[in-house]
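*Asks:* This is the structure I have questions about; it appears just below.
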Amino acid sequence: MRDQNIEAGRLQVRTGAEPPDPAEAGSTAARAAELRTALDGIRTIRHLTNSGPDPAAHPAAWERGRLLHTVSLLLEAEGIVPSAIGADGEPVRTGYRTSEGERPGQVLVRWVGPRGSGARYQEQEHLRRCQDVLRDWGFEALTVRGPGRRHHVEVEAGGDGKAAQGPGGGG
């Protein structure tokens, strides 16, 4: 499995498989500003590299090459909290966790939390929000029931560039 600790420039992208950052509690405004800047960068890349009547409506080649990075960034930037793991590798915070999918060009989004947190019972609602965010940004996102009757979202960049709405509607 690929290293989950992804960094783009200086922005640390959170997949939900990192330990909690003790500094993050006091720096939410700074983090939000970094994420807004990153979203602006994605919009700019789309306008400069995509063609068609609405170049911002579908992922650019740059995003396709960094799909795990992009999906994780979009979810957090839209206000969805990433999970975090403890020293034992178990979740210590409820939130999304992104990982490479089984196929190239696929990312999985799961909703996880500490034992007893009720994350299992919240997953459909939260995954629906994740799915909506990703579709708004032009990604194909399908909710699937996997092993143990747990749900996850399978995300792909797609090839037709269709988007439900313009990017960043909730940004």
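The values are calculated or read from the model by the stated rules, or taken from the named source; none is laboratory data. Quick caveat: nothing in here was measured; it's all calculated off a predicted structure. Ideal geometry is used to build each Cβ from the backbone, glycine not excepted, and the neighbour counts take in all protein chains shown.
*Asks:* Which is within 20 Å of residue 158 (Cβ to Cβ) and modelled with pLDDT of 95 or more, of 132, 88?
*Replies:* Result: 132 is the single residue among 132, 88 that is within 20 Å of residue 158 (Cβ to Cβ) and modelled with pLDDT of 95 or more.
*Asks:* Go through region 101-110 and give me each residue that's surrounded by fewer than 20 Cβ atoms within 10 Å (Cβ to Cβ) and within 17 Å of residue 76 (Cα to Cα).
*Replies:* 108
*Asks:* Filter region 129-148 down to residues that are in contact with a strand residue (DSSP E or B) (Cβ under 9 Å, 6 or more places away or on another chain) and over 21 Å from residue 57 (Cβ atoms) and give me whichever is surrounded by the most Cβ atoms within 10 Å (Cβ to Cβ).
*Replies:* 143
*Asks:* Taking the conditions exactly as written (under 21 Å from residue 110 (Cβ atoms) and exposed (fewer than 13 other Cβ atoms within 10 Å of the Cβ)), does residue 65 satisfy them or not?
*Replies:* Judged against the criteria, residue 65 is not a match.
*Asks:* If you don't mind, another one. Does region 93-103 hold any residues that are part of a strand (DSSP E or B) and in contact with a Ser or Thr (Cβ under 8 Å, 6 or more places away or on another chain), and which are they?
*Replies:* Across region 93-103, the qualifying residues are 93, 95, 96, 97, 98, 99.
*Asks:* In addition: Is it true that residue 44 is farther than 21 Å from residue 16 by Cβ, in contact with a strand residue (DSSP E or B) (Cβ under 9 Å, 6 or more places away or on another chain), free of Cβ contacts under 8 Å to residues at least 60 places away in the same chain and part of a helix (DSSP H, G or I)?
*Replies:* It is false that residue 44 is farther than 21 Å from residue 16 by Cβ, in contact with a strand residue (DSSP E or B) (Cβ under 9 Å, 6 or more places away or on another chain), free of Cβ contacts under 8 Å to residues at least 60 places away in the same chain and part of a helix (DSSP H, G or I).
*Asks:* Oh, and also: Before we move on, is residue 84 touching an Asp or Glu at 6+ places or on another chain (Cβ under 8 Å), surrounded by 15 or more Cβ atoms within 10 Å (Cβ to Cβ) and under 27 Å from residue 117 (Cα atoms)?
*Replies:* Judged against the criteria, residue 84 is a match.
*Asks:* Also, quick follow-up: Quick check on region 83-92. Is at least one of its residues in contact with a Phe, Trp or Tyr (Cβ under 9 Å, 6 or more places away or on another chain) and in a loop (DSSP other than H, G, I, E, B)?
*Replies:* For region 83-92, residues in contact with a Phe, Trp or Tyr (Cβ under 9 Å, 6 or more places away or on another chain) and in a loop (DSSP other than H, G, I, E, B): present.
Yes/no matrix, rows are residues, columns are (1) closer than 23 Å to residue 45 by Cα; (2) of a type in the set (D, E, K, R); (3) under 17 Å from the mean Cα position of the chain (by Cα):
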{"position": "114", "(1), (2), (3)": "no, no, no"}
{"position": "135", "(1), (2), (3)": "yes, yes, yes"}
{"position": "142", "(1), (2), (3)": "no, no, yes"}
{"position": "148", "(1), (2), (3)": "no, no, no"}
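*Asks:* Considering only region 149-160, how many residues are outside any loop (DSSP other than H, G, I, E, B) and surrounded by 11 or more Cβ atoms within 10 Å (Cβ to Cβ)?
*Replies:* Residues flagged as outside any loop (DSSP other than H, G, I, E, B) and surrounded by 11 or more Cβ atoms within 10 Å (Cβ to Cβ) within region 149-160 amount to 6.
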